[in-house]
Amino acid sequence: KNQVEQSPQSLIILEGKNCTLQCNYTVSPFSNLRWYKQDTGRGPVSLTIMTFSENTKSNGRYTATLDADTKQSSLHITASQLSDSASYICVVTGGNDMRFGAGTRLTVKP
Amino acid sequence: KAGVTQTPRYLIKTRGQQVTLSCSPISGHRSVSWYQQTPGQGLQFLFEYFSETQRNKGNFPGRFSGRQFSNSRSEMNVSTLELGDSALYLCASSFSGTVNGEQYFGPGTRLTVT
């Protein structure tokens, strides 16, 4: 069964600290993996999209990694800011199947 | 460039009624996808329309339907509303499509069924 699992479910960090969010998937075949940031009450915003051949992709302070062999991805946030408080959703697409993780709720405190 | 717009933003309906939601994509985008988001189930894919044709469909009952017009604007209809249909309904537009294209989400329509 195609699934996407994210961990942790929630995370609280202090402003300025780094953090890493995890995404494990069993979706097959694999087309791409995306990370989205969703602020409360708003639509998701794309952070990165990676295909099979890409190991790392950065977008400012966000860096996503992909290990297609172990079917794992991570999103690393550097020097966190209060505005990083949001839900981060991992989405894996394979063929015509699109699977969403439940998300990680990140809270950055001053 | 204007972003994806959705109307209405908030809606309250009664069980058994039907509802129509609207989505206007970014100019030039031919793909519009619809999603349901609930606290329990998270984000779930409903369907994708590309150049007025349904190209992909998620695992939702036939009460959920959609269409796309020649100007790429899309509508989603839910008939015989149930309490479980209460959710945030998001649409996303893309130039090349859901599978490989960059998607841009609208702010969503918050539907409450009482």
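Surrounded by fewer than 15 Cβ atoms within 10 Å (Cβ to Cβ), under 14 Å from the mean Cα position of the chain (by Cα) and free of Cβ contacts under 8 Å to residues at least 60 places away in the same chain - does that describe any residue in region A:5-19? Lay out the reasoning, then the answer.
Here is the first cut: in region A:5-19, the residues surrounded by fewer than 15 Cβ atoms within 10 Å (Cβ to Cβ) are A:5, A:7-10, A:12, A:14-18.
Subset that is under 14 Å from the mean Cα position of the chain (by Cα): A:5, A:7-10.
If we keep only those that are free of Cβ contacts under 8 Å to residues at least 60 places away in the same chain as well, we get none.
No, because not a single residue in region A:5-19 is surrounded by fewer than 15 Cβ atoms within 10 Å (Cβ to Cβ), under 14 Å from the mean Cα position of the chain (by Cα) and free of Cβ contacts under 8 Å to residues at least 60 places away in the same chain.
Among the numbered criteria (1) modelled with pLDDT under 95; (2) more than 14 Å from every other protein chain (Cβ to nearest Cβ); (3) on the phi > 0 side of the Ramachandran plot, which one does residue B:80 miss?
Single failed check for residue B:80: (1).
Quick one: in region B:94-104, of everything that is crowded, with 21+ Cβ neighbours inside 10 Å and more than 11 Å from residue B:34 (Cβ to Cβ), which residue is farthest from the other protein chains (Cβ to nearest Cβ)?
Step one: of region B:94-104, the residues crowded, with 21+ Cβ neighbours inside 10 Å are B:94, B:98, B:103.
Add one more test, that the residue is more than 11 Å from residue B:34 (Cβ to Cβ), and what stays is B:94, B:103.
Values: B:94: 10, B:103: 6 Å.
Top of the filtered list is B:94.
All but one of (1) facing another protein chain (nearest Cβ under 10 Å); (2) under 20 Å from residue B:107 (Cα atoms); (3) buried (at least 17 other Cβ atoms within 10 Å of the Cβ) hold for residue B:56; state the number of the condition that does not hold.
(2)
Checking the condition away from chain A (no Cβ under 13 Å), closer than 23 Å to residue A:42 by Cα and either modelled with pLDDT of 95 or more or within 11 Å of the chain's Cα centre (by Cα) (or both), which residue from B:61, B:8 passes?
B:8
Hey, among the residues in region A:91-110 that are aliphatic (A, V, I, L, M), within 11 Å of chain B (Cβ to nearest Cβ) and touching a residue at least 12 places away in the same chain (Cβ under 8 Å), which one's surrounded by the fewest Cβ atoms within 10 Å (Cβ to Cβ)? Steps first, please.
First, pick out the residues of region A:91-110 that are aliphatic (A, V, I, L, M): A:91-92, A:98, A:102, A:106, A:108.
After this cut, where a residue has to be within 11 Å of chain B (Cβ to nearest Cβ) as well, the list is A:91, A:98, A:102.
Among the residues that remain, those that are also touching a residue at least 12 places away in the same chain (Cβ under 8 Å) are: A:91, A:102.
Details: A:91: 23, A:102: 18.
Ranking the candidates gives A:102 first.
Residue check: is residue A:42 surrounded by fewer than 18 Cβ atoms within 10 Å (Cβ to Cβ) and closer than 22 Å to residue B:88 by Cα?
So residue A:42 passes the test.
Name, by its number, the condition in (1) exposed (fewer than 14 other Cβ atoms within 10 Å of the Cβ); (2) within 11 Å of chain B (Cβ to nearest Cβ); (3) on the phi < 0 side of the Ramachandran plot that does not hold for residue A:82.
Here residue A:82 clears every test but (2).
Output the number of the condition that residue B:81 fails; it satisfies all remaining conditions of (1) surrounded by 17 or more Cβ atoms within 10 Å (Cβ to Cβ); (2) in a strand (DSSP E or B).
(2)
Sort out which residues of region A:53-68 are farther than 21 Å from residue A:87 by Cα, in contact (Cβ under 8 Å) with a residue 12 or more places away in the chain and assigned to a loop (DSSP other than H, G, I, E, B), and write them in order of number.
A:54, A:55, A:68
Kindly evaluate residue A:29 against the criterion of being within 15 Å of the chain's Cα centre (by Cα), under 29 Å from residue B:59 (Cβ atoms) and touching a residue at least 12 places away in the same chain (Cβ under 8 Å).
So residue A:29 does not fit the description; no.
Tell me which residues, restricted to region B:9-31, are out of contact with any Cys (no Cβ under 6 Å at 6 or more places or on another chain) and closer than 21 Å to residue B:70 by Cα.
Result: B:20, B:21, B:22, B:24, B:25, B:26, B:27, B:28, B:29, B:30, B:31.
The values are calculated or read from the model by the stated rules, or taken from the named source; none is laboratory data. Everything numeric in this text was worked out from a predicted model, so none of it was measured. So basically every Cβ, Gly included, is an ideal-geometry build from the backbone, and we count neighbours across all protein chains shown.
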